[in-house]
Amino acid sequence: MSAQPLLSVRGEAVLEVEPEIARLEVTVAARHPDRAKALRLLNDRAAAVDGILDGFREAIDKVEITAVRVSPQLKSRKPQERISGYVATVHHSVDVAEFARLGELVAQVADQDLTEVTGPRWALRPDSPVHRRARIEATHEAVQRARDYAQALGSELTELLELADTRLLSEGRGAGDFGPVAAAARLAPRPGAAAPDEFTFDITPARQIVRATVEARFRITPPELAGIQTQREQGVGPAGVGGNRP
């Protein structure tokens, strides 16, 4: 008796969900001919930004200092290396989880001297249940697709041989769970803002697309190919799959 036929399918899931995190990049800078004074200026301005962030503590998930840089500024490009001053910068990464005050936070931080705000970049948390949900839905879709193909052949699924992220079966590498698509926000001032401390932004979160893809291989019962040919000649589809052709 010949071995049972194999059936390989791919299951996909695409979810559109609200973001969980808004990530801001904040850069504070200071310039001065004297290096020590440049550092003191930077420290004062960074402390002012920290004070603003402390006022939004309930909305912020995480604050990290990602880089500090102090560099000399040369008077010219000639080889004398004559220094005219120093530039000092500190970079913060701020993860905001409560979006209701996000526009207010951006406006207050951006109002500080020599402070640059970039973002937000929208994302899901790495441990978000959305990733698991996408993987489960992709698996269910693979099983249903295999059943549809088997039914079209007059067969039934008998055994699952393999289930893997996409390309692990077909090419031996890769992963089937793509991360959320990041998107920048459109910033627009709210009407009626008369002073810097009252100014804010309307920031609409960008929905995230989460994709998961799996590949599966099944054994199926021998197909009833002769019956399928007879049904085609008679103008009818396999039972439960189609009907009379027009």
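The values are calculated or read from the model by the stated rules, or taken from the named source; none is laboratory data. Being a predicted model, the structure only gives us computed values, none of them experimental. Methodologically, a virtual Cβ is constructed for each residue, glycine included, from the backbone with ideal geometry; neighbour enumeration extends over all protein chains shown.
With respect to being in a helix (DSSP H, G or I) and farther than 19 Å from Leu24 by Cβ, Arg167 falls outside the description. Filtering segment 112-135 to residues that are assigned to a helix (DSSP H, G or I) and touching a residue at least 40 places away in the same chain (Cβ under 8 Å) leaves Val130, His131, Arg133, Ala134, Arg135. For segment 56-75, check the following and say yes or no: at least one residue is surrounded by 16 or more Cβ atoms within 10 Å (Cβ to Cβ) and among the charged types (D, E, K, R). No, the conditions are met nowhere in segment 56-75. Can you confirm whether Ser8 is touching a residue at least 24 places away in the same chain (Cβ under 8 Å), among the hydroxyl-bearing types (Ser, Thr, Tyr), closer than 30 Å to Arg147 by Cα and out of contact with any His (no Cβ under 8 Å at 6 or more places or on another chain)? Taking the combined requirement at face value, the residue satisfies it.
Residue by residue, here is whether (1) over 30 Å from the mean Cα position of the chain (by Cα); (2) modelled with pLDDT of 95 or more; (3) aromatic (Phe, Trp, Tyr) holds:
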| position | (1), (2), (3) |
| --- | --- |
| Gln4 | yes, no, no |
| Ala13 | no, yes, no |
| Arg45 | yes, yes, no |
| Gly51 | no, yes, no |
| Thr89 | no, yes, no |
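Of the strands (runs of 3 or more DSSP E) contained entirely in segment 1-108, those carrying at least 3 residues that are farther than 30 Å from Ala142 by Cβ and polar (S, T, N, Q) fall at 60-74, 83-96.
State yes or no: is Ser155 of a type outside the set (A, V, I, L, M), modelled with pLDDT under 90 and not in a helix (DSSP H, G or I)? In short, no.
In the set (1) closer than 30 Å to Ile220 by Cβ; (2) touching a helix residue (DSSP H, G or I) at 6+ places or on another chain (Cβ under 7 Å), Ile136 fails one condition alone, (2).
Residues in segment 150-170 that are surrounded by 17 or more Cβ atoms within 10 Å (Cβ to Cβ) and closer than 16 Å to Glu12 by Cα: 3 in all. In this structure, is Glu81 at pLDDT 85 or above and in the same structural domain as Val28 (by TED's automatic domain parsing)? Here the answer is no, as Glu81 does not meet what is asked. Here Arg10 fulfils each of the conditions (1) of a type outside the set (Ser, Thr, Tyr); (2) loosely packed, with under 15 Cβ neighbours inside 10 Å; (3) assigned by TED's automatic domain parsing to the domain that holds Arg133 apart from (2).
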